[in-house]
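Working notes, structure below.
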Amino acid sequence: MNSPANDLVALLQQLIRIPSPNPPGDCRDIADFCAAYLRSAGFATTLVAPDDRAWSVVGVLGEADSPSLLYHAHIDTVPLGQNARWSVDPFAGTVADGRVYGLGSVDDKAPLAAMLLAAADIGAQAERVQGRLVVVCAAEEEVGGRLGTKWLVDNGHVPACDFVVVGEQTQNRVATAHKGVLRAAFHVAGRTSHATDPWRGRNAINGMAHLILDLERYQAEVLERRPHPLLGPASINVGVIEGGVSANVVADACTIRVDRRMVPGEDPQAVIAELEQIVAARQAADPERTYTVGEYLVSNWFQSDADSELLRRFLRISAEATGTPPAPVGYLPGSDAKHLVDVARQGMVVFGPGTYEVAHSTDEFVAVDELETTYRILRHFAAETLLA
Ligand SMILES: [Zn+2]
């Protein structure tokens, strides 16, 4: 049978059967497959990489600059977990109970399959296309996109478009914002001594305990009082603590590594200033130890224009197809959207089937009916925007 649902499931199975775990991030085979698929659908196709593994594909259909749409999905997946005991073969694309199982099935090969099939439908009506449809199949998302989408944009491989859809797991809700991340390390330096006589030393771990409580107060008294309307408050998490050498020695060093989630509108420099102020206050209260913060790593947030005609159209079409209200939501994890901000002229959404909790987990799956809905929305939106 050759119904769209069967084509969609078959295409997703083909994608799952081409492993693309990252690390190591070798996307050559899956990029080749996507390039061949888009070429046979009538797209002018470029296959590029900054090295010998991070291959990405850009397919372009149509000449005119506007109206123009960009559909983006990533082709790499997370690696199999070390203790993963899958109940099915993670690279088989097993179909059971209305679901397709596999590593990368929902993240991100489901939106990838929906975008490719929608692109093929538009390609089959190429003579009616006014404007342009761009499909980007990107490597490297799972490790931050520096050699994937960011590299593609920085090197001019992605044309600017009116509206961008980034395929990720939103349960087919339309997300117009996601958080950014600022990583930092805090250090406390004290003075070592024998544990039989601890007051001769300055215990760095005890100093850090006070600093961690300062960060808890910062969460409760500062961050939670300024929530973002779609994403809630910014947050700070102490993920790693290290310090000390032995129970009978007063520790002279302690380090924590934190993850500070930023909401749209927060300036990373202002966030850094807040962290440095917390350290300065603790230092003033405890001159016997030395408190420092640094090693910053920033991954930006994204927030789309709340009121463009194309966004309203996307909200209407998806609300009709899903029965949910035509209102945007926030998406909690990061995505490649942050690298596409300068490419999206009138707006960008993150959109696709499933949830991010199911992504990156054992027995990852996508529900076939949800995937079909994604595909119908993407096809309808492209047809209404691009076909004369
Ligand atoms: Zn993803």
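Just so it is clear, none of the values below were taken in a lab; they were calculated from the coordinates. For clarity, every value in this text was computed on a predicted model and none was experimentally measured. In this analysis, Cβ positions are derived from the backbone assuming ideal geometry, glycine residues included, and neighbour counts consider all displayed protein chains.
Left without a cysteine partner by the 4.7 Å Cβ rule in the chain: Cys27, Cys161, Cys254.
Determine the distance separating the Cα centre of the stretch 58-124 from the Cα centre of the stretch 1-41; give it in Å without decimals. If you average the Cα positions of each part, the centres end up 7 Å apart. What Kirkwood hydrodynamic radius do you get for the stretch 127-218 when you take the inverse of the mean 1/r over all pairs of distinct Cα atoms, in Å? For the stretch 127-218, the Kirkwood estimate is 19.1 Å.
Quick one: check the C-alpha center-to-center distance for the stretch 179-213 versus the stretch 161-177, whole angstrom. If we compute the Cα centre of each part, the gap is 43 Å. Summed over qualifying helices (DSSP H, 4 residues or more, each -39500 (n - 2.57)) and divided by its residue number, the chain shows a 222 nm mean residue ellipticity of -9500 deg cm²/dmol.
Rounded to the nearest 20, the Cβ-based charge dipole of the chain about its Cα centre (Lys and Arg +1, Asp and Glu -1) stands at 420 debye.
Of the trypsin sites (Lys or Arg not before Pro) found in the stretch 1-80, those that fall in a DSSP loop while having at most 16 other beta-carbon atoms within 10 Å are Arg17.
With N as its number of residues, the chain has a Cα radius of gyration that, divided by 2.2 N^0.38 Å, comes to 1.13. Separation of the stretch 242-298 and the stretch 322-388, taken as the distance between their Cα centroids, equals 37 angstrom. A P(r) calculated from all alpha carbon pairs of the stretch 44-166, with 5 Å bins opening at zero, reads 2, 10, 18, 20, 17, 13, 10, 6, 2, 1, 0 percent. Which of Ser246, Ser87, Ser308 ends up with the largest GNM mean-square fluctuation for the chain, with Cα atoms connected below 10 Å? Comparing Ser246, Ser87, Ser308 in a Gaussian network model of the chain, the most mobile one is Ser246.
If you bin the C-alpha pair distances of the stretch 180-299 every 10 Å from 0, what whole percents do you get? Result returned by the calculation: 14, 42, 28, 12, 4, 0.
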